[in-house]
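A short worksheet on the structure shown next.
No lab work stands behind these numbers, since they all come straight from the coordinates. Note that this is a predicted model, so its numbers are computed, not measured.
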Amino acid sequence: MRRRRMYRTFAAALMAAAVLLGPSLRSKPDEPILVLGFDTKLLNDIQDRLLREAVMKELSLSGYRIVPVMEVESIFHDGRERQVRKLKREEMKSLCEEMKAGYACCGAIVPETAKADEEIRSGVNYLCTITLYIRGKNRFETVTTRAAGEDNLFRFYGALSKKIVAEMKKLL
């Protein structure tokens, strides 16, 4: 009788652990993620690269493999007529294949209001639409997140990159 109770207690504890820890034990994808640019007038090319690197850092800290930034830069500086910030879906697919990545993402950033800004401003909310290509399923997913402008662009990049990665995790 005592053994039976002990086994039931152990089984209940094991079941509770599986239910509670199950989502956190999901494995990360084996294929790397290709992080492409953000189509926006709010950031220049250098600022766009800094935001891409912030997203790559967040993905890496979360345990995801990424295509290294220098490999990404090399495909845009070898005489081709591609722009990392203005890619069509078909171009995303071909780059994903070319870079042997399992996923590719790019984004667009606009002010939440209809007002056309020329830079990120503190106190203004921005909408970031992320497009994720999942190569294994040959499918595109799109999500939108909101971020508040900051007086310091590096804080904005940090906050926005965390939100982008949180949204991407739901799709991976």
Which ³J(HN,Hα) values in Hz, rounded to whole numbers, follow from the phi angles of the stretch 63-73 under the Karplus curve 6.51 cos²θ - 1.76 cosθ + 1.60, where θ = phi - 60° and Gly and Pro get x? x, 8, 7, 10, 6, x, 4, 5, 5, 5, 4
Would you kindly derive the ³J(HN,Hα) couplings of the stretch 128-139 from the backbone phi angles with the Karplus curve 6.51 cos²θ - 1.76 cosθ + 1.60 (θ = phi - 60°), listing them in order in whole Hz, with x for Gly and Pro? 10, 9, 10, 10, 10, 9, 9, 4, x, 10, 6, 9
Find how much the distance from Leu153 to Glu73 grows on full extension, using 0.36 nm per residue of separation minus their present alpha carbon separation; answer in nm with one decimal. 26.6 nm
How long is the gain from Thr144 to Arg121 if the chain were fully straight, where each residue apart is worth 0.36 nm and the alpha carbon distance is subtracted? 6.3 nm
